[in-house]
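The values are calculated or read from the model by the stated rules, or taken from the named source; none is laboratory data. Here the structure is a predicted model, which means the values were calculated and not measured. Neighbour counts are summed over all protein chains in view; Cβ atoms, including those assigned to glycine, are modelled from backbone coordinates with ideal geometry.
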């Protein structure tokens, strides 16, 4: 199949590294993928996205090419263009309408591109403006489309009911997200489905037994510095562990607006040297370090914020588990769905004492670390391996193409 994927910025920028496995596996299974980032901004941070960049159409929103393409289609499909613009006027808030209006010319240009490439199916990640571009492009080009929703984009509700009604299917990546999606869209969606994000499974797990028994527990937190990620509760937990004499070091991989606050908290507990910042790692660098076994555990101390933002199923946890590295998460959002079968340690969100207790148990028991690491790897092999996940996803693309042509 010829597929057109609409992303936010991928393959550019720091985010959306989780798309690498899905897109590469689609190509491995024989599909031709063209990527259209809504906002092609930032550097090629992820080394393993460089090959995918060659399959991208990185035309900026404000460009002569978008202006020409959108004007051409607006003239040739005047009634459909007016209909879609009228639909955008029913956006939930003026801010959401403004976001949609900004990408409207790019949506018309994408419709032209879909016709030019004779694509069979359009798929968008994120129900925000990426989904808006895909929805309009599909309507104007006559190509079926589908949508993957994640976390914040469900809560934002950018014409979500309309998108769910017009898409061939809407994919949630966690059961929790699927429940939120169905609560938002009701019976308007023909199909809302659960298809997890997948990761490749390495040939063998890392050797956790090679570490000296008296070394401190080395922890990685691969998460941008945002409130929903719950870093402050982990810093509290590390302070408790240091007071108890438990040897731990923590490395924070990511960037974000809360760095200053977290630095102040680290300084107030005198944890400099025990909690350090790695900054934004490329996806390849992160995977290489996981494969090298330099961390003993990966932690995601997520919370649900007062505004209702919560975690999906973090791909960074899946990647750690695929290497046999034990993980600790909180029962917030989709993390419980991943770990509640014993494939990792699960603690209540925003509960530093419980988090400290879980980390202390890992620090004290190497056998527990090995057992959890192998259980996590088995969980990924069973339910999150990219080959099987992408086969299911591509099967749905193909079914909708056949239905459209029949």
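Condition check ((1) under 18 Å from residue 280 (Cβ atoms); (2) surrounded by fewer than 16 Cβ atoms within 10 Å (Cβ to Cβ); (3) in contact (Cβ under 8 Å) with a residue 40 or more places away in the chain) across all residues:
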| position | (1), (2), (3) |
| --- | --- |
| 11 | yes, no, yes |
| 20 | yes, no, yes |
| 30 | no, yes, no |
| 42 | yes, yes, no |
| 47 | yes, yes, yes |
| 55 | no, yes, no |
Original post:
Going by the conditions given, is residue 77 surrounded by fewer than 24 Cβ atoms within 10 Å (Cβ to Cβ) and free of Cβ contacts under 8 Å to residues at least 12 places away in the same chain?
Top reply: no
Output for Cβ contacts, cut-off 7 Å, separation at least six or different chains, first residue over 13 Å from residue 381 (Cα atoms) in the stretch 186-201, second surrounded by fewer than 21 Cβ atoms within 10 Å (Cβ to Cβ) and at pLDDT 95 or above, reads 195/389; 195/392
Within the stretch 248-262, residues touching a strand residue (DSSP E or B) at 6+ places or on another chain (Cβ under 8 Å) and modelled with pLDDT of 95 or more come out as 248, 249, 250, 251, 252, 253, 259, 262
Of 176, 139, the only residue that is touching a helix residue (DSSP H, G or I) at 6+ places or on another chain (Cβ under 9 Å) and under 24 Å from residue 89 (Cβ atoms) is 139
Over the stretch 311-332, the set of residues out of contact with any strand residue (DSSP E or B) (no Cβ under 6 Å at 6 or more places or on another chain) and under 18 Å from residue 228 (Cα atoms) is 311, 312, 313, 315, 332
Note: among 115, 161, just one is surrounded by fewer than 21 Cβ atoms within 10 Å (Cβ to Cβ), touching a helix residue (DSSP H, G or I) at 6+ places or on another chain (Cβ under 6 Å), under 22 Å from residue 3 (Cα atoms) and in contact (Cβ under 8 Å) with a residue 24 or more places away in the chain, namely 115
Wholly inside the stretch 177-259, strands (runs of 3 or more DSSP E) that include 1 or more residues that are buried (at least 17 other Cβ atoms within 10 Å of the Cβ) and outside the structural domain of residue 371 (by TED's automatic domain parsing) are 192-194
How many residues of the stretch 187-210 are touching a helix residue (DSSP H, G or I) at 6+ places or on another chain (Cβ under 7 Å) and over 28 Å from residue 293 (Cα atoms)? The answer is 5
Under 14 Å from residue 8 (Cα atoms) and either surrounded by 13 or more Cβ atoms within 10 Å (Cβ to Cβ) or in contact with a helix residue (DSSP H, G or I) (Cβ under 6 Å, 6 or more places away or on another chain) (or both): does that describe residue 127? yes
Tell me, yes or no, whether the stretch 326-343 has at least one residue that is under 26 Å from residue 184 (Cβ atoms) and out of contact with any helix residue (DSSP H, G or I) (no Cβ under 9 Å at 6 or more places or on another chain). yes
